[in-house]
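This report concerns only the one structure given below.
Every number in this text was worked out from the coordinates using simple rules, so none of it is lab data. Everything numeric in this text was worked out from a predicted model, so none of it was measured. Counting neighbours? That spans all protein chains shown, and the Cβs are built from the backbone with ideal geometry, glycine included.
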Protein chains: 2
Amino acid sequence: MNESLNQIGEREILNRLKRFMPIGQIEDDTAQISPQGKNILVNTDVLVEDVHFSDQTTSPEDAGWRAITTNLSDLASSGVEEILGITVGMIAPANTPWSWVEGVYTGIDKALTKFGGKVIGGDCSSGNQKVLAITAIGTVGKLRLHRSEAMDGDLLVASGPHGLSRLGLALLKKEPLMTNKPLSERLKAAAIEAHKRPKPPLEALTELMACKPTKVPWRAAATDSSDGLLNAVENLCISSQCQAELDLASLPREKNWPLGSNWDEWCLSGGEDFELILSIPPLWAKALIKAFPSSKIIGLIKSGPPKLSWNDGQEIKQSKINEFKHF
Amino acid sequence: MNESLNQIGEREILNRLKRFMPIGQIEDDTAQISPQGKNILVNTDVLVEDVHFSDQTTSPEDAGWRAITTNLSDLASSGVEEILGITVGMIAPANTPWSWVEGVYTGIDKALTKFGGKVIGGDCSSGNQKVLAITAIGTVGKLRLHRSEAMDGDLLVASGPHGLSRLGLALLKKEPLMTNKPLSERLKAAAIEAHKRPKPPLEALTELMACKPTKVPWRAAATDSSDGLLNAVENLCISSQCQAELDLASLPREKNWPLGSNWDEWCLSGGEDFELILSIPPLWAKALIKAFPSSKIIGLIKSGPPKLSWNDGQEIKQSKINEFKHF
């Protein structure tokens, strides 16, 4: 069962993939889904070997899982209600063993079983480098969340701790860690889990929608922190044309997260955290941190041209905001 | 304006792409579209440099155009009514000049302007090799076409001539042509156009839907011939569990197409023809070739386990059916 893809051939590859596709494109030129009268959200993400994942730290199953989380995280930060389906564009060198493809689809399948949605179709081709190009489609829920809805007076809320995925990567790559005290086993396990099996912030979204105080209007800005916390806050500020003031003492650190500037930097810009970064009225923010205890108020929004600063007035340098280098 | 992508950086790349995206994902994590209560069709195709296109024969504009046609052709062969939008996953080496990206998007834009739909979002990343991963979404029209609906007694109809794209490729690559007589200038121009700027069979679909005789029920099987005519007919036979009998004298050849077995082979298996291959009741087939003169009856469907043969009873060998080697 572990021949390479060019030994198997395209038709047999598709045959074997059928078990991962309950409905869909394999026996037809397209897949059909029913949004049942609702508007839909669409998101496409590409994951490229050695840019977004590497065989060194990511098993095929983990790569498939991560690809789903990346996509569903974007849907969550737009206010998705139901995930209708995903398509998978897969590219791999012709000599790639079948086990890699099977592993990726197993990871995709496990993630979808946990978070919702089905594989509805896709395409595959040989290429020099492994690529997963996923498109996810879902229905819009009660409130369509945009980046551009932040307003003066809002509080900034992170739906969970940040930096764990980056720490997990460091542990997997055995990078030297800037700390004298040993890390707790719990923290290490959480970090590796966050890197290998990140979760899209769908529960946080559900709680956000459920906990809105009735007197607060339906208006919220959101994005996800897949490219790092500061990057997400900056995106909100640019789209909403406003300023953010962050509280260094209130960074969304995991329990027992070490102190120190390089640990803060991982928290701020480690990336791949897949949490919601929200700008919402104070009453709603306070309701959310009560309803969803892993969430935390991390700062506030002020009017003015886009800028990020600490609450002591010090501007956060652009160089600190890791623009994720996909080029 | 012709720096490389890593000189420009991701944020500026996205900024420059905004003009191609009237609505959509750039300022948000996802794009939103409204299917207006209808069911939707979804299709994903990946195009990989040196597998599906090469700089030698395909300009960036042509690559973008072809990517759209490939996708919309699948939507057409499923019975699309309106193209709602497409997402573009683009991968290119970091040293790729901006002009390549701009060219691809210009080709995408021109094709969408002609055929319908808008770019609603996407993603980009560096990688070793250029890749376009396109997902197209459209609404289902009057009749959802499937591959599996062919029935004994149907006629097979091709919506247009086949082999032109393969001839166009040969001309562009200056391959030796197996003919003693010079090709007509008209044929050469049509072949190069078919290779560089192929069209999805949307007009044929419109005519098909419009010309159905009232006493014929709404039932038709369809696929597109993007991987060659025989491959398309075989796909219909496999999905519908039936046999096809083709008439060698009625191959869908272009006017002045040379005679000879290698020319027939290009017609049968050249690929990238993007025509509808239909299995429909005889009355409907006859109405279609009247309403849409480029279409042609090429054979018929019989019951029995999947098999392709000529109308003299000779079986068409599997080796003749070009399984397009994407691996």
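Here are a few things to note about the model shown:
- For B:S294, the label point sits 7 Å beyond Cα toward Cβ; its separations from the matching points on the remaining copies run 5.5 nm, from shortest to longest.
- A convex hull fitted around the alpha carbon atoms of segment A:108-159 yields 181 Å³ per residue.
- Entries of B:K215/B:K307; A:K142/A:K215; A:K130/B:K173 with Cα pairs more than 21 Å apart: B:K215/B:K307; A:K130/B:K173
- In segment A:5-140, Cα pairs under 8 Å separated by at least six residues give a relative contact order of 41 percent.
- Plainly put, the tip 7 Å out from Cα toward Cβ on B:S261 is 7.7 nm from that tip on each other copy, the closest given first.
- Relative contact order (%) - chain B, alpha-carbon pairs under 8 angstrom, separation at least six: 22 percent
- Principal-axis tilt of helix A:282-291 within chain A, Cα atoms, nearest 10 degrees: 60 degrees
- Applying 1/(1 + (r/R0)^6) with r as the Cβ-Cβ distance of B:N2 and B:T57 and R0 = 25 angstrom yields a FRET efficiency of 0.70.
- Two-decimal ratio, segment A:173-327, of alpha-carbon radius of gyration to 2.2 N^0.38 Å: 1.08
- Virtual spin-label span in nm between A:N15 and A:S309, 7 Å along Cα→Cβ: 6.7 nm
- Computed log₁₀ I(q)/I(0) - Debye formula, equal Cα scatterers, no solvent, segment B:5-140, q 0.11, 0.21 Å⁻¹: -0.37, -1.30
- In degrees, nearest ten, helix A:229-240 long axis to first principal axis of chain A (Cα): 80 degrees
- Between A:E203 and B:E175, the modelled label-to-label distance comes to 5.7 nm, taking each label 7 Å out from Cα in the direction of the beta carbon.
- Segment B:147-320 - charge dipole about Cα centre, Lys and Arg +1 at Cβ, Asp and Glu -1, debye rounded to 20: 400 debye
- For A:L248, label point 7 Å along C-beta direction: distances to other copies, nm: 8.4
- Helix B:202-211 axis, angle to chain B major axis (alpha carbon atoms, nearest 10°): 40 degrees
- Computed over segment B:147-320: relative contact order in percent, which uses C-alpha pairs under 8 Å that are six or more apart: 42 percent
- The Rg/Rh ratio for the protein assembly as shown is 1.02, where Rg is the radius of gyration of the alpha carbons and Rh is the Kirkwood radius.
- Set of segment A:60-82 residues, backbone N closer than 20 Å to the point 7 Å along the Cα-Cβ line of A:L183: A:62-63, A:66
- Hz values of 3J(HN,Hα) by residue in segment A:132-143 - Karplus curve (6.51, -1.76, 1.60), Gly and Pro given as x: 10, 10, 10, 10, 10, 10, x, 8, 7, x, 3, 10
- Building the convex hull from the alpha-carbon atoms of chain B and averaging its projection over directions returns 17.7 nm².
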